[in-house]
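One structure below.
The values are calculated or read from the model by the stated rules, or taken from the named source; none is laboratory data. Here the structure is a predicted model, which is why all the values come from computation and not from measurement. Here the Cβ is made from the backbone with ideal geometry for all residues, glycine too, and neighbour counts use every protein chain on show.
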Amino acid sequence: MNQNLSSYWIFYTVANAGNISKAAKELYISQPAISKSIQKLEESLNCRLFSRSSRGVILTDEGNLLYAHVKEAFETLTTGEDKLKRSIDLGMGHLQIGVSSTLCKYMLLPYLKEFIRRNPHISISIHCQSTNETLRLLDDNKIDIGLIGEPENAKNIHFHFLSNIKDIFVANKEYLNNLTARGVKKDQILQNSTLMLLDKQNMTRQYIDEYLMKNQITVADSIDISNMDLLIDFAKIGVGVACVIENFVKKELEEGSLVEIPLDIPIHERKVGFAYKESMKPSKSLQSFIDFYHNFDPEEDN
């Protein structure tokens, strides 16, 4: 923008008034100051914005084109001011949360349900993506808080622990029986099955890849799946062996539709919790959410 906002406000006011004298009274500045501002704007844009007459001023074709955009801009600013005023008067706010689709369904929803009930005046936006992407959005100040697996080296992040999660491998009985019929031993299941994992950008996938590498487990065949719900569904119909979070398949394990595959070396549990940027002063909405989750127990609520 070649001119400051005041120049466009003067142009806008003169266009609405159709008269420099009237605009001067509305703006509480002198007529020569208005004329000079309009002249500088015209010189900057290299065109005439007004045609002068004995009765006042009229927008030229170029002036009308500029006016349409300036009018829209100032109306948008006015709308923003009105919404901000209502938000302040009503104590309204906005909270942006980053979370993976899996953690959103299985862990965040109970918190959101009760928080919304207690704070109906706060609007909430959910950004579903991997933990790595959530951390990037936090760093770029594009979200307020994230529900993530605790990263190993997260600088400038305050992490509030919620619970541990355990990664396990599961399959249905028929798939495991077929492996047994082919002579595959229990300690060789992962090497001889179709292994279904989350995509490579996911922090859980990276954690499992590291586990497989450290334990020298070479996977012959694998499928990348976009989310854990599909991993669970594919395992239930016998597509292969899926790496899932134990807490999220309790029902399937209890009813027998999935069977956990025993590991000689178990996968270490991981921590999950809320994280926000330490260097940023929390907004009122974020502080309300922080105060809420420090005192809320979803198990007791159920």
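Data for the structure
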item	result
Filter result for Val219 (touching a residue at least 24 places away in the same chain (Cβ under 8 Å), over 25 Å from the mean Cα position of the chain (by Cα) and either in a loop (DSSP other than H, G, I, E, B) or farther than 16 Å from Ile168 by Cα (or both))	yes
Matching residues, the range 222-261, being in a loop (DSSP other than H, G, I, E, B) and closer than 27 Å to Leu147 by Cβ	Ser226, Asn227, Leu258
Sole exception among (1) closer than 25 Å to Ile237 by Cβ; (2) in contact with a Lys or Arg (Cβ under 9 Å, 6 or more places away or on another chain) for Lys200, by number	(2)
Among the residues listed as Ile143, Ile97, Ile148, the single one being in a loop (DSSP other than H, G, I, E, B), among the β-branched types (Val, Ile, Thr) and buried (at least 18 other Cβ atoms within 10 Å of the Cβ)	Ile143
Scope the range 119-146; condition closer than 13 Å to Val99 by Cα and touching a Ser or Thr at 6+ places or on another chain (Cβ under 8 Å); matching residues	His127, Cys128, Gln129, Ser130, Thr131, Thr134, Ile143, Asp144, Gly146
Any hit, the range 70-77, residues being part of a loop (DSSP other than H, G, I, E, B) and out of contact with any strand residue (DSSP E or B) (no Cβ under 7 Å at 6 or more places or on another chain)	no
Filter result for Asn132 (surrounded by fewer than 17 Cβ atoms within 10 Å (Cβ to Cβ), under 16 Å from the mean Cα position of the chain (by Cα) and not assigned by TED's automatic domain parsing to the domain that holds Ala235)	yes
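Table: residues versus (1) among the polar types (S, T, N, Q); (2) at pLDDT 90 or above.
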| site | (1), (2) |
| --- | --- |
| Leu109 | no, yes |
| Gln129 | yes, no |
| Thr134 | yes, yes |
| His160 | no, yes |
